[in-house]
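Below: one structure, written as structure tokens.
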Amino acid sequence: MTSLQVLVVDDEPAIRQVVAAQLRKAGHTVEQAGDAETALERLLRGDVDIALSDIKLPNMSGIELLRQARA
């Protein structure tokens, strides 16, 4: 399996940490963001293979986050 650079976005730290731990256990490199603004900054750097985002985030939905990152 190929190792991926994964960004986990969730405003609940416990959820983020559990998901990140499982992804690391599977051999992936993981970064975390607790809000959409931080995640968008990270995504705009361009070296994330996959972003896993909660839909309900403060100030911006996960859907809107991904729309802005693609734009």
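Some values worked out for this structure:
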item: Expected 222 nm ellipticity per residue - DSSP helices of 4 or more, -39500 (n - 2.57), all of the chain, to 500; result: -13000 deg cm²/dmol
item: Value of Rg to Rh for the chain (Rh from inverse mean 1/r over Cα pairs, i.e. Kirkwood); result: 0.95
item: Potential extension, ALA14-THR2 segment - 0.36 nm per residue separation minus Cα distance; result: 1.7 nm
item: Exposure ranking of ARG42, ARG24, ARG70, ARG16 by accessible area [1.4 Å probe, largest first]; result: ARG70, ARG24, ARG16, ARG42
item: Accessible solvent surface per residue of the chain, calculated while the other protein chains remain in place, 1.4 angstrom probe, Å²; result: 64 Å²
item: Separation of the LYS25 and LYS56 label points, Cα + 7 Å toward Cβ, nm; result: 2.7 nm
item: The chain, accessible surface, carbon-and-sulfur percent (1.4 angstrom probe); result: 52 percent
item: Student exercise, the chain dipole from Lys, Arg, Asp, Glu Cβ charges, in Debye to nearest 20; result: 240 debye
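The values are calculated or read from the model by the stated rules, or taken from the named source; none is laboratory data. Please read all numbers here as calculations on a predicted model, not as lab measurements. Note that each Cβ is placed from the backbone with ideal geometry, even for glycine, and that neighbours are counted across all protein chains shown. Surface areas here come from the heavy atoms of the whole protein model, side chains and all, with no ligands, DNA or RNA. Shrake-Rupley method; radii C 1.70, N 1.55, O 1.52, S 1.80 Å.
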